[in-house]
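The values are calculated or read from the model by the stated rules, or taken from the named source; none is laboratory data. Keep in mind it's a predicted model, so treat the numbers as computed, not measured. Cβ atoms come from the backbone with ideal geometry, glycine included; neighbour counts cover every protein chain shown.
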Amino acid sequence: MLNRIIICCLLISFKTLADDGSRLWLKYDLLKDAQQRDKYAALTKFIAANHNSPIVASAVSELQMGFQGLLGKKVSASASAGSRTGGVILQVNANAQNLLEDGFAINSQKGNIVISAKTPSGVLYGAFELLRNIQTGKSLSNLAIVSNPKVKIRMLNHWDNANGTVERGYAGSSMWKWTELPFRIDPRYIQYARANASIGINAASINNVNASSRFLTAEYLEKIKAVADVLRPYGIRVFISVNFRSPRTLGGLKTSDPLDPEVKQWWNDKTKEIHQYIPDFGGFLVKANSEGEPGPQDYGRTHADGANMLAEAMRPYGGIVIWRAFVYKADPNGDRFKEAYDQFKPLDGTFDPKVIVQVKNGPIDFMPREPFHPMFGAFPNTTLGMEFQITQEYLGQSTHLTYLAPMFKECLDSDTYAKGKGSTVAKVIDGSLESHQNSLMAGVANTGSDVNWTAHPFNQANWYAFGRLAWDYDLTSEHIASEWIAMTLAKSKAGQETIKRMMMQSLPIYISYTYPLGTAHMMGEGHHYGPEPWLEKSGRPDWTSIYYHRADSVGLGFDRTGKVSNALSLYSAEVQKQWGDPERCSLDYLLWFHHIPWTKKLSTGRTLWNELCFRYYDGVEQVRKLQTDWESLKPELDKETFENVKGRLRIQEKEALWWRDACVLYFITYTKMPIPAPLVPPTRSLNEVKKLVEIYHLR
Ligand code: BDP
């Protein structure tokens, strides 16, 4: 309660201050239009909740907070509406029709707005939907909404470390204050829970997949319990990333072999202990035998042996095991594209039903544009979950405006043709294609200790979009952008349209000046910031750039047809047809699958070399247009937000130029052809551009 009061006070005091972004999309500022306020007020005179539970209490307090802020009125809550009309009734009804667990209905009934659901969480999601309707200016009369989540586990994966750093985090340090927990509860945990609940996120793994065993010590379990206690009233279950070697490092055993009886017992005991702290523990998330992390293969066992052993430990409880498929062994002659598929394919059908195999959207590693992962559609007997990356490791981190909903959608909407046309990736991961019970969509979080959570104000939209799509992947990117903008930035219709246009153009623009035509993995080594297409040597061949772009005097691109790696053969015949013929392959994916001669004429009428140059140059021009668009919004935007984004767009322009110059100057060493007119060649040399990356490696 005290925490809720603190948040209310914060909300009220923030109203008079500049907008620092800390309230995300839950600003609840007073609606300017008094008439509209009155209309809403007439329908929200009271709140009645028939259910007494912490989650429904969260729904009630959220509605009160929202009505107070948006409509400027205090609304009382009670257990029953009696004969009153003009209020909001919250009902938990286990027999509600047409609703799945977590789903909700909102109906105008006998003069009241009734939010009904099978579970308290459903009521909470319905309450947020009602508030969103007000925030986005929708009418509340004659409501008839039914909304069910398409995916059951809608989850954030935090890559946060015990020492407060965040792997691939670009918004300050970790939001979890491990040194303060369990004694001090940062009020931001509640804001975080509210934000997640407002978009339907119901699970969070709280630590890095490159996991420290420390998170399984009694000391840390007490801290995690404190976090779980805060998130629970918002319907969020906590997961822990575990280190597979923990039986040795923590338990003092000689081995962590998943078939060893003592190891099994250790995990059984540990799982039991965790449940004493967190009775509704969500489960384990495991990165094993990947990038040096320990795993069952260290003992000659398979991924299934490891995952099933943990599933067995979880048997008495409701939780699950999420086992990541991000694995690839170093093979200079292989193709990393095929690694996960090859390692997991023989295991299809051998995983315990409590296991979900979590697969990244693409086969390499969260590149700005990847073909969908070939495992989707090819594992009928395994529950596959989706892993997206919300944090922008390869997508401009916190300085480039890049709206990711179109990227998430491009993957979800891809057709695997596993069971004929319409077998989309979305249908694989929601479980419907193969009738799996469980389903999961995870996003690697972009949250940090920065006051606005995500550093770049627009990165908030990616967190928002991820949650909305995990709930309903049929929502359009435009729709989600419109919602987010209306709740956060511009108030005028024209302003909202300008921002939406900027967001919708942002991903294609980013791809233009970084990875046009299906190029990939040419970023700076280690930090993954800025271009380094010339990178030839690294810890492993598949961490270099040349492994991926395969530039030579003839052309560019990785031939994945039958002539070379044949990774294309992992896809169904229809998909092979779509990408296998360079004449028909979409330009977006061309160099993912084909080595194309520099002089080859593309469908645009330009040669590959000219098209490449054109795209790099155009990307930079488009960033300049984004700057002009943003400038036009100055009169209606909060000053702090305006200046913040303006500064970041200037960095983006500088860095787009950096990418452009680095890539064209480097590839010219192969093509020996001039930059085509009317494009003006870079004024700096390749060596000068190379120096820019070297600065990042200075110690
Ligand atoms: C890569 C990141 C690395 C992660 C790894 C993973 O560079 O920091 O640990 O993915 O997903 O993208 O495990």
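In a residue-by-residue description of the stretch 358-372, the property of being out of contact with any strand residue (DSSP E or B) (no Cβ under 7 Å at 6 or more places or on another chain) and of a type in the set (S, T, N, Q) applies to no position. For Leu395, the criteria (1) in contact with a Leu (Cβ under 8 Å, 6 or more places away or on another chain); (2) aliphatic (A, V, I, L, M); (3) away from the ligand (no atom under 15 Å from the Cβ) hold in every case but one, which is (3).
For the stretch 20-48, a residue qualifies if it is part of a helix (DSSP H, G or I) and in contact with a strand residue (DSSP E or B) (Cβ under 9 Å, 6 or more places away or on another chain), and exactly one does: Leu43.
Can you name the condition, by its number, that Arg540 falls short on among (1) within 16 Å of the ligand (Cβ to nearest atom); (2) within 28 Å of Lys654 (Cβ to Cβ); (3) among the charged types (D, E, K, R)? Only one criterion in (1) within 16 Å of the ligand (Cβ to nearest atom); (2) within 28 Å of Lys654 (Cβ to Cβ); (3) among the charged types (D, E, K, R) is unmet by Arg540, namely (2).
Take Leu100 and tell me if it is more than 16 Å from the ligand (Cβ to nearest atom) and crowded, with 20+ Cβ neighbours inside 10 Å. In short, no.
In the stretch 337-366, the residues that are closer than 21 Å to Met314 by Cα reach residues that are acidic (Asp, Glu) and within 16 Å of the ligand (Cβ to nearest atom) with C-beta atoms within less than 7 angstrom, at least six apart or across chains, in these pairs: Gln358/Glu387. Applying the condition of being touching a Lys or Arg at 6+ places or on another chain (Cβ under 8 Å) and over 23 Å from Asn196 (Cα atoms) to the stretch 235-249 and asking which residue is surrounded by the fewest Cβ atoms within 10 Å (Cβ to Cβ) yields Arg248.
Return a yes/no flag: does the stretch 314-333 have any residue that is polar (S, T, N, Q) and at pLDDT 95 or above. Checked the stretch 314-333: no residue is polar (S, T, N, Q) and at pLDDT 95 or above.
What residue, of Phe408, Phe388, Phe337, Phe366, is out of contact with any His (no Cβ under 8 Å at 6 or more places or on another chain) and closer than 16 Å to Glu291 by Cβ? The match here is Phe366. Of the residues making up the stretch 439-449, none is modelled with pLDDT under 95 and aliphatic (A, V, I, L, M). If you go through the stretch 279-306 and pick out every residue that is crowded, with 22+ Cβ neighbours inside 10 Å, within 30 Å of Tyr234 (Cβ to Cβ) and away from the ligand (no atom under 16 Å from the Cβ), you end up with 3. Looking at the structure I just gave you, is Phe215 assigned to a helix (DSSP H, G or I), touching a residue at least 40 places away in the same chain (Cβ under 8 Å) and within 28 Å of Gly467 (Cα to Cα)? When the stated conditions are applied, Phe215 passes them. Considering every residue within the stretch 577-589, establish whether at least one is closer than 25 Å to Met375 by Cβ, touching a residue at least 24 places away in the same chain (Cβ under 8 Å), surrounded by fewer than 19 Cβ atoms within 10 Å (Cβ to Cβ) and among the acidic types (Asp, Glu). Checked against the condition, which is being closer than 25 Å to Met375 by Cβ, touching a residue at least 24 places away in the same chain (Cβ under 8 Å), surrounded by fewer than 19 Cβ atoms within 10 Å (Cβ to Cβ) and among the acidic types (Asp, Glu), the stretch 577-589 yields at least one hit. Just so you know, in the stretch 22-42 the residues that are among the hydrophobic types (A, V, I, L, M, F, W, C) and over 23 Å from Asn196 (Cα atoms) include one that is surrounded by the most Cβ atoms within 10 Å (Cβ to Cβ), and it is Leu31. If you go through the stretch 455-495 and keep only what is more than 17 Å from Asp20 (Cα to Cα) and among the hydroxyl-bearing types (Ser, Thr, Tyr), you end up with Tyr464, Tyr473, Thr476, Ser477, Ser482, Ser492. Scan the stretch 289-341 for residues that are of a type in the set (D, E, K, R), more than 28 Å from the chain's Cα centre (by Cα) and at positive phi and the total you get is 0. Restricting attention to the stretch 317-330, the residues that are under 28 Å from Ala204 (Cα atoms) and away from the ligand (no atom under 14 Å from the Cβ) add up to 5. All of Arg560, Arg624, Arg540 fail the test of being of a type in the set (D, E, K, R), more than 15 Å from Phe667 (Cβ to Cβ) and free of Cβ contacts under 8 Å to residues at least 40 places away in the same chain, apart from Arg624.
With the structure loaded, tell me whether Ser205 is of a type in the set (Gly, Ala, Ser) and touching a Lys or Arg at 6+ places or on another chain (Cβ under 8 Å) or whether it fails that test. Taking the combined requirement at face value, the residue does not satisfy it.
When restricted to residues that are in a loop (DSSP other than H, G, I, E, B), among the polar types (S, T, N, Q) and either surrounded by fewer than 17 Cβ atoms within 10 Å (Cβ to Cβ) or in contact with a Pro (Cβ under 7 Å, 6 or more places away or on another chain) (or both), the stretch 538-569 contains 4. The residue that is surrounded by the most Cβ atoms within 10 Å (Cβ to Cβ), among those in the stretch 331-370 that are away from the ligand (no atom under 12 Å from the Cβ) and aromatic (Phe, Trp, Tyr), is Phe337. Filtered by the rule that a residue be over 19 Å from Ser572 (Cα atoms), assigned to a loop (DSSP other than H, G, I, E, B) and more than 16 Å from the ligand (Cβ to nearest atom), the stretch 403-430 gives Tyr403, Asp430. Across the stretch 493-522, what is the total count of residues that are touching a Leu at 6+ places or on another chain (Cβ under 8 Å) and free of Cβ contacts under 8 Å to residues at least 24 places away in the same chain? Total meeting the criteria: 1. Which residues, counting only those in the stretch 99-132, are in contact with a strand residue (DSSP E or B) (Cβ under 8 Å, 6 or more places away or on another chain) and of a type in the set (Lys, Arg)? Once the filter is applied, which keeps residues that are in contact with a strand residue (DSSP E or B) (Cβ under 8 Å, 6 or more places away or on another chain) and of a type in the set (Lys, Arg), the stretch 99-132 yields only Lys118.
Quick grid of which residues meet (1) under 21 Å from Ala461 (Cα atoms); (2) surrounded by fewer than 19 Cβ atoms within 10 Å (Cβ to Cβ); (3) not hydrophobic (A, V, I, L, M, F, W, C):
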site: Tyr571; (1), (2), (3): no, no, yes
site: Gly619; (1), (2), (3): no, no, yes
site: Leu649; (1), (2), (3): yes, no, no
site: Lys672; (1), (2), (3): no, yes, yes
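Look at (1) more than 23 Å from Val327 (Cα to Cα); (2) buried (at least 22 other Cβ atoms within 10 Å of the Cβ); (3) touching a Gly at 6+ places or on another chain (Cβ under 8 Å); (4) not acidic (Asp, Glu) and you find that Trp159 fails only one, number (1).
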